[in-house]
Amino acid sequence: LDYEATLAKVSELSVQRLADWCTVHVSDPRTGVRQISVSHRDPARVRFAKDLALKYPYDPESPRGVPQVLRTGQPEIYPHVTEELLRAGAKDEEHFRILRDLGMESAMVVPIRSRGRTLGAITFIATEPGRSYGPEDLSLGEALGDRAGLAIENAALYEEAKRQLEERRRSEAARALLAAAVESSEDAILTLTLDGSITSWNRGATRLYGFPEGEALGQKISIIIPEELRSEEATIFERVLRGERIEHFETRRRTKDGRVLDVSLTVSQICDAAGAVIGFSKIARDISERKKAEDEIRRLNATLEERVKLRTAELSRALSELESFTNTIAHDLRAPLRTMRGFSEVLLEGSESSLGPEAKDAARRIFEGAKRMDDLTKDLLAYGRVAQAPIEPEDVDLDQVAHELLRTFEGEIRSSSASVKVARPLGRARGSRTLLSQALGNLFSNACKFVPPDKHPEVEVGSERRNGRLRVWVRDRGIGIEPRYQDKLFKMFERLEPGKYPGTGIGLAIVQKAAERMGGRAGVESEPGTGSRFWIEIPACEQEA
Amino acid sequence: MTSRAPQVLMVEDDDDFVALARLAFRKAELSLALTVATNGEEAISHLKNGATHPALVLLDLKLPKVSGIEVLRWIRSEHSAPALPVVMLTSSGEDGDRGAVAELGANDYCVKPHGFSELVVLFKKIAGRWLPDAPSTVR
């Protein structure tokens with residue numbers, strides 16, 4: 001520390017004027033008592049003195065010398081240092097010898113004092129034979145001690161002043177930073193006294209409310225509160241006073257020029273050092289834009305609903321138009337086909353016909369064409385029904401569906417001499433009875449149809465459960481399908497052998513669509529020459545799954 | 001002979017079908033006195049003014065002016081012979097139509113078949129049921 005240099009100087013001066021030997025001790029509340037300086041008229045002896053201090057450290061219990069002066073604050077003087085005195089102060093025999101060899105003649109210890117407190121002590125020792133300290137020496141020593149106290153005090157004062165200065169500088173920097181942050185904030189930040197007078201007003205507040213700082217300070221906060229919201233403001237203050245913190249409270253404020261803004265408020269107490277509430281701080285954010293956007297979204301939502309309603313009405317109108325169009329096709333398109341077919345059949349009837357073979361062939365072609373177009377129309381209508389019909393899932397007993405199927409196809413089974421096996425029970429599925437009948441009917445009809453000319457159809461109907469779903473299959477021993485064509489088969493109008501086998505190419509598309517509409521799928525496993533197994537897989541009944 | 005042939009009123013706007021039906025009746029060897037009305041209004045006026053006293057009405061559903069359903073309703077509620085057998089003969093297979101005419105008291109509901117031979121079979125069946133006294137042209 002700085003005062004230590006001053007004390008060393010005191011000690012140096014003393015060994016020139018007052019003593020042969022001088023030491024300075026300082027009592028520091030943090031480090032205890034330290035010997036901060038040792039001087040000797042003979043500089044060679046300084047080291048010896050320092051070593052001695054290390055070997056026999058400071059003993060605070062000692063009833064004499066520095067410890068005693070530090071305790072009492074009173075100086076000690078020993079005009080003659082006697083052997084008895086040395087022996088009493090020595091720790092052991094060796095210590096005594098060393099002290100004796102120092103050749104002390106006279107000694108005095110004075111306190112270093114400042115404002116009534118003892119901060120340290122200065123020890124003066126004379127070794128010059130015959131030298132003896134008297135009252136004059138003592139007052140000189142005491143004056144030096146006081147001077148030293150002053151030096152320590154000044155140093156402490158200086159340190160304190162420096163520390164305070166630094167602290168103030170730091171807190172001012174922090175305050176400036178905070179003020180800059182408040183000032184540059186986009187939000188309006190202001191403080192109020194308990195009775196609602198404005199005590200600070202940042203630039204954001206000026207920007208938001210239109211009042212310059214000078215106009216706002218000292219005014220009541222009510223200058224920016226719309227009439228109808230005065231009681232709300234009072235409630236906010238009450239809540240804050242109870243210790244609540246109001247955050248993102250959405251309300252309205254009035255600007256200087258009378259506009260009303262939507263704002264979000266955060267309000268909290270301001271307390272003094274003792275914890276007493278002395279005011280409020282308010283942060284307000286302009287949310288007018290956000291509010292506007294929200295209103296816009298609400299408005300759009302409302303009109304969207306309206307538009308969806310309109311569009312739905314349009315769609316259902318279009319759908320019913322389409323349905324009536326479909327019926328028209330069924331009725332009006334098929335009627336002329338029936339005519340072509342019927343009359344060409346009349347022409348072909350053996351007994352009625354007087355046609356030659358060429359004309360008969362022509363009539364046959366008209367008949368076939370009409371029949372084919374009629375089948376196509378019929379299947380397209382069926383596809384339309386399957387694709388569009390509303391579905392209400394029900395539990396369908398597949399055994400019953402199969403039973404009805406066999407009745408429907410009675411004629412075909414008989415005429416093709418088909419053998420049919422149904423592996424009962426087929427189980428119950430969750431779907432539409434109509435769609436299931438249609439799909440299984442198509443599969444069954446195919447199984448009877450796609451058979452080599454020299455064979456009778458062998459058809460087997462069965463089912464298996466797969467992870468809560470029911471797969472119903474129709475197996476034939478027919479012509480089979482090459483794997484590369486198997487996917488194509490379910491597409492509309494795909495036919496593998498149009499010349500050889502009848503069909504419109506719509507039947508399997510209907511099967512696939514029916515399965516999809518019931519939340520399922522359709523597929524085939526097949527090998528050319530050995531037959532095919534077509535299946536549809538749809539959800540099983542809950543009790544079945 | 002024709003005077004003893006039972007009268008049948010066919011209400012049908014498709015004259016192709018009428019011609020085919022005539023051929024089918026012949027093929028089925030049914031001797032009938034066929035009167036044709038090409039719309040519902042005409043059918044009702046025939047029945048009203050006694051131009052015909054049919055033993056059976058073959059009634060199409062979709063007709064110009066007055067529909068088949070209207071004709072059926074008129075027969076059941078206003079005709080002097082409300083129990084006159086009426087067989088609907090239509091190209092529509094819609095379940096809705098089927099139910100509606102059943103409620104109004106149609107005696108049968110047949111979908112026009114698409115082949116000539118099927119039509120012959122159908123007419124034989126209808127005649128067998130509703131015209132048991134129809135003499136066959138062939139003895």
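Listed here are the residues, each with its yes/no results for (1) among the aliphatic types (A, V, I, L, M); (2) closer than 30 Å to A:THR123 by Cβ.
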position	(1), (2)
A:ASP146	no, yes
A:ALA155	yes, yes
A:LEU177	yes, no
A:GLN219	no, no
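If I filter region A:480-489 for residues that are of a type in the set (Val, Ile, Thr) and surrounded by 16 or more Cβ atoms within 10 Å (Cβ to Cβ), do I get at least one hit? First the steps, then the outcome.
At the first step, the residues of region A:480-489 found to be of a type in the set (Val, Ile, Thr) are A:481.
Imposing the further condition that a residue be surrounded by 16 or more Cβ atoms within 10 Å (Cβ to Cβ) reduces the set to A:481.
Yes: one or more hits.
Out of all the residues in region A:45-65, is one or more among the hydroxyl-bearing types (Ser, Thr, Tyr), in contact with a strand residue (DSSP E or B) (Cβ under 6 Å, 6 or more places away or on another chain), assigned to a loop (DSSP other than H, G, I, E, B) and modelled with pLDDT under 85? Let's see the steps before the verdict.
Filtering region A:45-65 down to residues among the hydroxyl-bearing types (Ser, Thr, Tyr) leaves A:56, A:58, A:62.
Within this subset, residues satisfying the condition of being in contact with a strand residue (DSSP E or B) (Cβ under 6 Å, 6 or more places away or on another chain) are A:58.
In the following step, the residues that additionally are assigned to a loop (DSSP other than H, G, I, E, B) were identified as A:58.
Then keep just the ones that are modelled with pLDDT under 85; that gives A:58.
Yes; the residues of region A:45-65 include at least one that is among the hydroxyl-bearing types (Ser, Thr, Tyr), in contact with a strand residue (DSSP E or B) (Cβ under 6 Å, 6 or more places away or on another chain), assigned to a loop (DSSP other than H, G, I, E, B) and modelled with pLDDT under 85.
Residues in region A:427-434: is at least one crowded, with 20+ Cβ neighbours inside 10 Å, at pLDDT 85 or above, touching a Lys or Arg at 6+ places or on another chain (Cβ under 6 Å) and hydrophobic (A, V, I, L, M, F, W, C)?
Within region A:427-434 (the criterion being crowded, with 20+ Cβ neighbours inside 10 Å, at pLDDT 85 or above, touching a Lys or Arg at 6+ places or on another chain (Cβ under 6 Å) and hydrophobic (A, V, I, L, M, F, W, C)), the answer is no, since none of the residues qualifies.
Can you name the residue in region B:7-21 that is among the acidic types (Asp, Glu) and in a helix (DSSP H, G or I) and, of all such residues, is farthest from the other protein chains (Cβ to nearest Cβ)? First the steps, then the outcome.
So the first thing to find is which residues in region B:7-21 are among the acidic types (Asp, Glu), and the list is B:12-16.
If we keep only those that are in a helix (DSSP H, G or I) too, we end up with B:15-16.
Working: B:ASP15: 10, B:ASP16: 4 Å.
The qualifying residue farthest from the other protein chains (Cβ to nearest Cβ) is B:ASP15.
Answer yes or no as to whether A:SER415 is of a type in the set (S, T, N, Q) and under 50 Å from the mean Cα position of the chain (by Cα).
Values: of a type in the set (S, T, N, Q): yes; under 50 Å from the mean Cα position of the chain (by Cα): no.
So A:SER415 does not fit the description; no.
Collect the residues in region A:96-115 that are in contact (Cβ under 8 Å) with a residue 24 or more places away in the chain and more than 19 Å from A:CYS22 (Cα to Cα), keeping them in residue-number order.
Selection gives A:SER114, A:ARG115.
How many of the residues in region B:81-109 are surrounded by fewer than 18 Cβ atoms within 10 Å (Cβ to Cβ), within 19 Å of A:ASP375 (Cα to Cα) and either modelled with pLDDT of 90 or more or in contact with a strand residue (DSSP E or B) (Cβ under 8 Å, 6 or more places away or on another chain) (or both)?
Qualifying residue count for the region: 1.
Output the residues belonging to region A:10-43 that are part of a helix (DSSP H, G or I) and charged (D, E, K, R). Can you show your working first?
Residues of region A:10-43 that are part of a helix (DSSP H, G or I), as a first pass: A:10-17.
Answer for region A:10-43, where residues must be part of a helix (DSSP H, G or I) and charged (D, E, K, R): A:GLU12, A:ARG17.
From the list A:ALA284, A:ALA318, A:ALA313, which residue is farther than 23 Å from A:PRO502 by Cα, surrounded by 13 or more Cβ atoms within 10 Å (Cβ to Cβ), away from chain B (no Cβ under 14 Å) and not hydroxyl-bearing (Ser, Thr, Tyr)?
Details: A:ALA318 fails: surrounded by 13 or more Cβ atoms within 10 Å (Cβ to Cβ); A:ALA313 fails: surrounded by 13 or more Cβ atoms within 10 Å (Cβ to Cβ).
Checking each option against the conditions leaves just A:ALA284.
I'd like the full set of residues that are over 29 Å from A:ARG242 (Cα atoms) and surrounded by 16 or more Cβ atoms within 10 Å (Cβ to Cβ), limited to region A:158-203.
Within region A:158-203, just A:ARG203 meets the criteria.
Listed residues B:ALA51, B:ALA33, B:ALA19; which is surrounded by fewer than 20 Cβ atoms within 10 Å (Cβ to Cβ) and closer than 21 Å to A:PHE343 by Cα?
Details: B:ALA51 fails: closer than 21 Å to A:PHE343 by Cα; B:ALA33 fails: closer than 21 Å to A:PHE343 by Cα.
Within the list B:ALA51, B:ALA33, B:ALA19, the selection yields B:ALA19.
Taking the stated definitions as given, is B:HIS53 more than 13 Å from chain A (Cβ to nearest Cβ) and free of Cβ contacts under 8 Å to residues at least 60 places away in the same chain?
Working: more than 13 Å from chain A (Cβ to nearest Cβ): yes; free of Cβ contacts under 8 Å to residues at least 60 places away in the same chain: yes.
Here the answer is yes, as B:HIS53 does meet what is asked.
Grab the helices (runs of 4 or more DSSP H) fully contained in region B:68-130, keeping just those with 2 or more residues being within 14 Å of chain A (Cβ to nearest Cβ) and under 13 Å from the mean Cα position of the chain (by Cα). Talk me through it step by step, then tell me what you get.
On the way: elements: B:68-78, B:95-104, B:116-130.
Filter on region B:68-130 gives B:116-130.
Looking for whichever is out of contact with any Lys or Arg (no Cβ under 9 Å at 6 or more places or on another chain) and at pLDDT below 90 here; the options are A:ALA302, A:ALA335, A:ALA370, A:ALA293. Which one fits? Walk me through how you get there before you give the answer.
Working: A:ALA335 fails: out of contact with any Lys or Arg (no Cβ under 9 Å at 6 or more places or on another chain); A:ALA370 fails: out of contact with any Lys or Arg (no Cβ under 9 Å at 6 or more places or on another chain); A:ALA293 fails: at pLDDT below 90.
Selected residue: A:ALA302, the only one of A:ALA302, A:ALA335, A:ALA370, A:ALA293 that is out of contact with any Lys or Arg (no Cβ under 9 Å at 6 or more places or on another chain) and at pLDDT below 90.
Scan region A:351-377 residue by residue and report those that are without any contact (Cβ under 8 Å) to a residue 12 or more places away in the chain and either acidic (Asp, Glu) or within 12 Å of chain B (Cβ to nearest Cβ) (or both).
A:SER351, A:GLU352, A:GLU358, A:ASP361, A:GLU368, listed by residue number.
Among the residues in region A:165-182, are any free of Cβ contacts under 8 Å to residues at least 12 places away in the same chain and under 26 Å from A:LEU7 (Cβ atoms)? Don't jump to the end; show me each part of the working.
As a first pass, look at region A:165-182 and keep what is free of Cβ contacts under 8 Å to residues at least 12 places away in the same chain: A:165-181.
From the residues that got through so far, the ones that are under 26 Å from A:LEU7 (Cβ atoms) too are A:165-166.
Checked against the condition, which is being free of Cβ contacts under 8 Å to residues at least 12 places away in the same chain and under 26 Å from A:LEU7 (Cβ atoms), region A:165-182 yields at least one hit.
Restricting the search to region A:240-254, which residues are touching a strand residue (DSSP E or B) at 6+ places or on another chain (Cβ under 6 Å) and in a helix (DSSP H, G or I)?
A:VAL240 - this is the single residue of region A:240-254 that is touching a strand residue (DSSP E or B) at 6+ places or on another chain (Cβ under 6 Å) and in a helix (DSSP H, G or I).
Which of the residues spanning region A:215-234 are of a type in the set (Ser, Thr, Tyr) and modelled with pLDDT of 90 or more?
The first filter runs over region A:215-234 and keeps only residues of a type in the set (Ser, Thr, Tyr), leaving A:222, A:231.
Once the filter is applied, which keeps residues that are of a type in the set (Ser, Thr, Tyr) and modelled with pLDDT of 90 or more, region A:215-234 yields only A:SER222.
Would you confirm, using the coordinates I've provided, whether B:LYS62 is among the basic types (Lys, Arg), in contact (Cβ under 8 Å) with a residue 60 or more places away in the chain and either within 14 Å of chain A (Cβ to nearest Cβ) or surrounded by fewer than 17 Cβ atoms within 10 Å (Cβ to Cβ) (or both)?
Working: among the basic types (Lys, Arg): yes; in contact (Cβ under 8 Å) with a residue 60 or more places away in the chain: no; either within 14 Å of chain A (Cβ to nearest Cβ) or surrounded by fewer than 17 Cβ atoms within 10 Å (Cβ to Cβ) (or both): yes.
Against the criterion (among the basic types (Lys, Arg), in contact (Cβ under 8 Å) with a residue 60 or more places away in the chain and either within 14 Å of chain A (Cβ to nearest Cβ) or surrounded by fewer than 17 Cβ atoms within 10 Å (Cβ to Cβ) (or both)), B:LYS62 does not qualify.
Test each condition in (1) within 9 Å of chain B (Cβ to nearest Cβ); (2) buried (at least 17 other Cβ atoms within 10 Å of the Cβ) for A:PRO336 and report the one that comes out false.
The single condition A:PRO336 does not satisfy is (2).
Can you confirm whether A:ARG254 is basic (Lys, Arg) and touching a Ser or Thr at 6+ places or on another chain (Cβ under 8 Å)? Walk me through it before giving the result.
Working: basic (Lys, Arg): yes; touching a Ser or Thr at 6+ places or on another chain (Cβ under 8 Å): no.
Criteria not met by A:ARG254.
Whether any residue in region A:68-88 is surrounded by 13 or more Cβ atoms within 10 Å (Cβ to Cβ) and among the acidic types (Asp, Glu) is what I want to check.
Taking every residue of region A:68-88 in turn, at least one turns out to be surrounded by 13 or more Cβ atoms within 10 Å (Cβ to Cβ) and among the acidic types (Asp, Glu).
Would you mind telling me which numbered condition in (1) within 14 Å of another protein chain (Cβ to nearest Cβ); (2) under 24 Å from A:GLU494 (Cα atoms) A:GLN388 fails?
With (1) within 14 Å of another protein chain (Cβ to nearest Cβ); (2) under 24 Å from A:GLU494 (Cα atoms) applied to A:GLN388, the lone miss is (1).
Within region B:22-41, is there a residue that is within 14 Å of chain A (Cβ to nearest Cβ), not in a helix (DSSP H, G or I) and not polar (S, T, N, Q)?
Yes, region B:22-41 has at least one match.
The values are calculated or read from the model by the stated rules, or taken from the named source; none is laboratory data. Keep in mind that what you see is a predicted model, and the values were worked out from it rather than measured. All Cβ positions, even for glycine, are placed from backbone atoms using ideal geometry, and neighbour counts span all protein chains on display.
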